[in-house]
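Okay, structure first, notes after.
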Amino acid sequence: MPERFSPSAPGTLRGRTFVVTGANSGLGAATARALGAAGADVVLACRNVARGEAVARDIGPHAQVRRLDLADLASVREFASGIETVDVLVNNAGVMGVPLSRTVDGFEMQMGTNHLGHFALTGLLLDRLTDRVVTVSSMSHRFGRIHLDDLNWERRRHYSRSLAYAESKLANLMFSLELGRRLAAAGSPLRAVAAHPGYAATDVGTHTGTWFDELFRLGKRVLERTPAQGAESVVVAAADPEVTGGYIGPDRFFELYGPPTVAAYSRRAGDPDTARQLWELSEKLTGVRFEL
């Protein structure tokens, strides 16, 4: 993947439409701003519409805000029904390290929001996509393990905020890789790309009540890496025509920072059998089937 790619030049993405979930703050807002600066039409899919509108005003007339609550499948369906065509879907939104709680549909909050909501959204928009699906994972996926027999933490004895988050991020990455395999097998021109930001100083990781808080505070002091820098991998995954799949992340010091490049992922993430079973379970839980 050439390092020369940059969407920053005005007009680079003119005429292309991107949907970015969770674009009201942090990494999502930085991604939307970068795409908008390059001339793209950007749909900010946000639960907090007021904050999303503030970001859209910064981007300009080619940005619009639509309400999307990934923790409510009815909201996902309503949002998808209002989209006519889109070039790129960026599955970015997420929650991190929250106490045990449930989505409207009864899913564990982190798995339900980060993975199942995006799984449903992607399936519902698939026939209106023209280019690719980008799903944002995390280095934390390496600590995750998919529990197919208890994906929603209904039988495990002790709930762990950090492990639940890691499991959801592993699910994000496995979903993207499996989607890529299925698109290729179907002869589809669509592409699936996963990305991770490395470390970026956003608010999402500093109020979790877990060890993530200290890790993020240390990173903020040492790396001083902004959301815009973290978004670089996501923007490359979403807009670089030479990126056709795989996993994109920073290239320096355990992938914490640096220019975007092809990133490594865990052996669990690359397990196609578990990915297939996770896919089938996700279809069952969400009621959304992909027409490939």
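Residue-wise HN-Hα couplings along region 51-63, as the Karplus relation 6.51 cos²θ - 1.76 cosθ + 1.60 with θ = phi - 60° gives them from phi, are 5, x, 5, 5, 5, 4, 5, 5, 6, x, x, 8, 10 Hz; Gly and Pro carry x. In terms of its C-alpha gyration tensor, the chain has a rounded overall shape, because the principal axis ratio a/c (a ≥ b ≥ c, square roots of the eigenvalues) stays below 1.5.
Diffusion of region 118-203 by Stokes-Einstein, at 20 °C in a medium of 1.002 mPa s and with Rh set to the Kirkwood radius over alpha-carbon pairs, works out to 149 µm²/s.
ASP105 sits among other residues whose Cβ lies under 13 Å from its own Cβ, and their net charge, with Lys and Arg +1 and Asp and Glu -1, is 0.
Across the chain, the relative contact order, built from alpha-carbon pairs under 8 Å that are at least six residues apart, equals 18 percent. Taking the square roots of five times each eigenvalue of the Cα gyration tensor of region 140-183, the equivalent ellipsoid has semi-axes of 22, 12, 6 Å, listed largest first. Charge dipole of the chain (Cα centre as origin; +1 on each Lys and Arg Cβ, -1 on each Asp and Glu Cβ, all else neutral): 360 debye, rounded to the nearest 20.
Between ALA63 and VAL42, the built amide H atoms are under 5 Å apart, and every one of these is 5 or more places off in sequence or on another chain. What the phi angles of region 77-88 give under the Karplus curve with 6.51, -1.76 and 1.60, with θ = phi - 60°, is a coupling list of 5, 5, 4, 4, 5, x, 9, 8, 8, 8, 7, 9 Hz, glycine and proline written as x.
For region 1-126, a simple Cβ point-charge model (Lys and Arg +1, Asp and Glu -1, everything else neutral) yields a dipole of about 240 debye relative to the Cα centre.
Compared with the direct C-alpha span, the chain from SER188 to SER266 gains 25.4 nm at full extension, assuming 0.36 nm per residue.
Remark: region 40-197 projects, on average over all directions, an area of 9.7 nm² (convex hull of Cα atoms).
A helix-only calculation puts the chain at -11500 deg cm²/dmol for mean residue ellipticity at 222 nm, using -39500 (n - 2.57) for each DSSP H run of at least four residues, averaged over all residues. Here's how it looks for THR135: its modeled amide H is under 5 Å from those of ASN91, VAL193, ALA194, ALA195, which are all 5 or more places away or on a different chain.
The charge dipole of region 115-200, taken about its Cα centre with unit charges on the Cβ atoms of Lys, Arg (+1), Asp and Glu (-1) only, comes to about 200 debye. Phi angles across region 229-236 convert, under the Karplus curve 6.51 cos²θ - 1.76 cosθ + 1.60 with θ = phi - 60°, into 3J(HN,Hα) values of 5, x, 6, 4, 5, 5, 5, 4 Hz, Gly and Pro given as x.
Only the coordinates and a few stated rules stand behind these numbers; no lab work does. Just so it is clear, the model here is predicted, and its values are computed rather than measured. Positions of Cβ are generated from backbone atoms using ideal geometry, with glycine treated the same way; all protein chains shown enter the neighbour counts.
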